[in-house]
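Report on one structure; see the data block that follows.
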Amino acid sequence: MSEGGSSLSGRMAALRGRAETTLTKGLLLAVFFVGLVAQFVKPVGDALEGKTYIGGALLSIVGYVLYAEVLRLNAARDADGEQTRQLHEAVRRLSGEVQELTARLGPQSGDAATMERLIEECAQAVLRGGETQLSGMCFTGETFVEPLRRVLEDLPPDPSRSVSVRILVPDFTRPTGVPGLVRAADGKLTDAPGFRRHLTGKIAGYAQDLRTTRGRMLHKNQGTLSVEFRAVHISPFLKLYAIGDDVVYEGIYDTLEVRPDAYVTSAPLPQGPGPEEGQLLDLIGRGSLLTRWSRYDGEPGGVLVDRRCGFFGTLWDAARRLEPEAAPGGSGA
């Protein structure tokens with residue numbers, strides 16, 4: 001069928017729907033008024049030979065109200081479904097455009113890399129022994145801290161080894177835009193306090209895991225490990241990792257995901273309005289492309305490594321320290 005025919009068919013269906021609605025409401029109202037008149041006008045009542053006119057009239061008006069409410073709920077449901085579909089489509093299209101742009105631009109002179117290569121290079125650095133500083137600007141630390149922890153726990157004995165790990169994360173104790181909640185009412189972004197609470201708990205868990213690794217390394221004579229997590233109030237769009245002051249890996253969270261907010265019930269707001277209804281808009285960085293820069297690869301590698309390390313250092317100095325929930329063995333640094 002042609003586009004014009006399809007459009008005409010849609011308009012005819014809409015007209016039929018409106019006519020059916022008007023007719024049904026009219027019939028229900030007519031029943032109501034006839035019943036009401038029959039109760040108080042005796043000739044009309046005798047003609048209808050009914051004794052329950054008030055009951056019939058009330059029943060018809062109740063039916064009218066219920067019918068109108070069902071129509072309203074159906075319309076709202078259809079509108080919500082269409083809004084959700086459009087939101088998913090917009091997010092899918094935006095994610096695709098960001099990924100296409102990232103792939104088209106590519107590294108200007110750095111090397112395309114993956115998280116696996118980053119972890120492998122971190123492992124090589126700590127295996128060499130001596131002092132090694134590893135820094136990461138992460139979302140929660142899931143794709144960096146967990147693989148790094150396994151690397152550290154598998155190191156051979158070397159009491160002279162000293163590893164310092166610095167992790168910078170967003171401050172999820174404060175409201176954020178992204179990740180956030182797309183309100184069902186108007187499609188705009190708002191804070192998602194339940195999800196932020198979930199992310200804060202994940203970060204605390206990864207920090208505690210690394211601090212536990214510190215004790216295990218000492219016990220197995222693998223060397224010393226210092227761990228510090230700090231938080232700064234930013235949206236987590238950038239991935240940035242540094243091995244000492246010589247190598248930098250960088251990338252972006254280039255995928256957006258929309259899903260139901262499974263954390264809304266766990267985030268009561270005391271003395272405030274109830275939780276918002278809507279879809280959770282989250283950033284996904286797993287599998288995104290990284291670019292590796294080294295100061296030993298010539299220009300612009302050296303300049304860029306200095307710039308990125310300076311960028312990280314400035315944010316690190318301005319960030320607040322995340323204290324461990326329990327620190328029986330001393331500080332978390």
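Compute the Cα gyration tensor for segment 154-306, then decide on rounded, prolate or oblate, letting a ≥ b ≥ c be the square roots of its eigenvalues: rounded whenever a/c is under 1.5, prolate when a/b is larger than b/c in the other cases, and oblate in all that remain. Cα axes put segment 154-306 in the oblate bin. In this simple spin-label approximation, Val303 and Asp111 carry label points 7 Å from Cα along the Cα→Cβ vector, and these lie 2.2 nm apart.
Computed over the alpha-carbon atoms, segment 105-223 gives an Rg to Rh ratio of 1.10, Rh here being the Kirkwood radius from the mean inverse distance. Computed with a 1.4 Å probe over protein heavy atoms only, the accessible area of Tyr241 comes to about 0 Å². Taking packing as the residue-averaged number of other Cβ atoms within 10 angstrom, the listed peptides 300-310, 169-179 run from highest to lowest as 169-179, 300-310. Within the full protein context, the accessible area of Arg320 is estimated at about 100 Å² for a probe radius of 1.4 Å. At 7 Å along the Cα-to-beta-carbon direction for both Phe311 and Ser162, put a label point, then send me their distance in nm to one decimal. The two pseudo-label positions are separated by 2.9 nm.
Accessible area of segment 147-262 with a 1.4 Å probe: how many percent of it is carbon plus sulfur?
54
Each residue was assigned an accessible area with a 1.4 Å probe, and for Phe311 the value is about 90 Å².
The stretch between Gln124 and Val232, if pulled fully straight at 0.36 nm per residue, gains 35.9 nm over its current Cα-Cα span. Over segment 158-316, accessible surface divided per residue gives 46 Å², non-protein components excluded, 1.4 Å probe.
The values are calculated or read from the model by the stated rules, or taken from the named source; none is laboratory data. On a predicted model such as this, the values are computed, not experimentally measured, just so you know. Cβ atoms come from the backbone with ideal geometry, glycine included; neighbour counts cover every protein chain shown. These accessible areas exclude ligands, DNA and RNA; they are computed on the full protein's heavy atoms, side chains included. Shrake-Rupley method; radii C 1.70, N 1.55, O 1.52, S 1.80 Å.
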